[in-house]
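These notes are about the structure you will find just below.
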Amino acid sequence: MVSDRLPEPIETGGEKRMKSNRKTLSSKWLKTRIAEKSASLRPHVPETKRWGRSSFEGMLRRHGLVYVKPTNGSCGVGVMRAELRRRTGAVDVQSGTTRVRLASPREAYGWIERRKPAKPYLVQQGIRVLRKEGRPIDFRVVIQRNGAREWEVSGMLARVASPGKAVTNGSQGGSIYSADDVLAEQAGKSEAARIAAGFERLARETARQFALSYPRMNELGLDIAVDKRLRSWILEVNTKPDPRPFALLDDPSMLQKILELAKGYGRICDMTVRKAKKGR
């Protein structure tokens, strides 16, 4: 995926203003901190801390499920899942399709520390997401600026993890489905409409919040999970969302809208679909 590139914010008189140069905004830590500044977004942002023994063990005991992910990374590469078995204290860890059971959170920390790359990592509260045929589901929601510099929600789809994997990314072999169809299947039509409307509200508030720091921003892609109680969680905010998964939907209108708006602010999109699959 193309790297995230945005203007760099600087502090001037207590407000953020823009430098003329540009830099990469790929830090999940920074993007989480920006989202948490919004009172309406904060309840939808999973607890996230920098990687370390105390943060990993504390969050694992508190939430029972955590994801460990690179601070700078994309496509689900390097993401690991750890789940505590409260009765025994053992921890099930998954990395790709590799699964191991460790005797304790301390042993799980050591196992992950030995295998993760030597670069900054985060620990994120795990969400017990909706599943399709036992496979995790999340949703990608795209919001873009139009010619009037107003924000439009231009696309929404569901991603289902490849069998045996914990991440849903198309680049990891995930399957692409209509968001409306998956939500209706999981929650019924009326609840599906309510949840989808909530996705739009989260996208608009996220765009508003990010634009306070980065007013030249043109697009965002939110990865949203829905838990078993039908509560929505923002797992990640992408500042250069990939339009290619939308090419796998039966209805081409969302892709057409995304490409039309992207063209308006000068983005040329590579539309070669490599690993994502069309949901059946």
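The values are calculated or read from the model by the stated rules, or taken from the named source; none is laboratory data. Remember, it's a predicted structure, so these values are computed and weren't measured experimentally. Every residue, glycine among them, receives a Cβ derived from its backbone with ideal geometry; neighbour counts consider all protein chains shown. The protein model used for the area step is the full one, side chains on, heavy atoms only, and it has no ligands, DNA or RNA in it. Shrake-Rupley method; radii C 1.70, N 1.55, O 1.52, S 1.80 Å.
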Taking a cut-off of 29 Å between Cα atoms, list the lysines near Lys277, but don't count ones fewer than 8 places away on the same chain. Lys28, Lys31, Lys69, Lys116, Lys132, Lys165, Lys189, Lys228, Lys240, Lys257, Lys263
Taking a probe of 1.4 Å and leaving out DNA, RNA and ligands, the chain shows per residue an accessible area in Å² of 48 Å²
Give the shape of segment 188-280 as rounded, prolate or oblate, defined through the alpha-carbon gyration tensor: a ≥ b ≥ c are the square roots of its eigenvalues, a/c under 1.5 means rounded, and otherwise the shape is prolate if a/b is larger than b/c and oblate if not. oblate
List the residues, sorted by chain then number, that are 5 or more residues from Leu41 or on another chain and whose placed amide H is less than 5 Å from its amide H. none
Cα gyration tensor shape of segment 88-133, rounded if a/c is under 1.5, else prolate or oblate by comparing a/b with b/c: oblate
With +1 at each Lys and Arg Cβ and -1 at each Asp and Glu Cβ, the charge dipole magnitude of the chain around its Cα centre, to the nearest 20 debye, comes out at 940 debye
Restricting to Cα pairs below 8 Å that are 6+ residues apart, what does the relative contact order work out to for the chain? Please round to a whole percent. 19 percent
Give the long-range amide H neighbours of Trp51: residues separated by 5 or more places, or on another chain, with amide H under 5 Å away, using H modelled in the peptide plane at 1.01 Å from N. Tyr121, Leu122, Val123
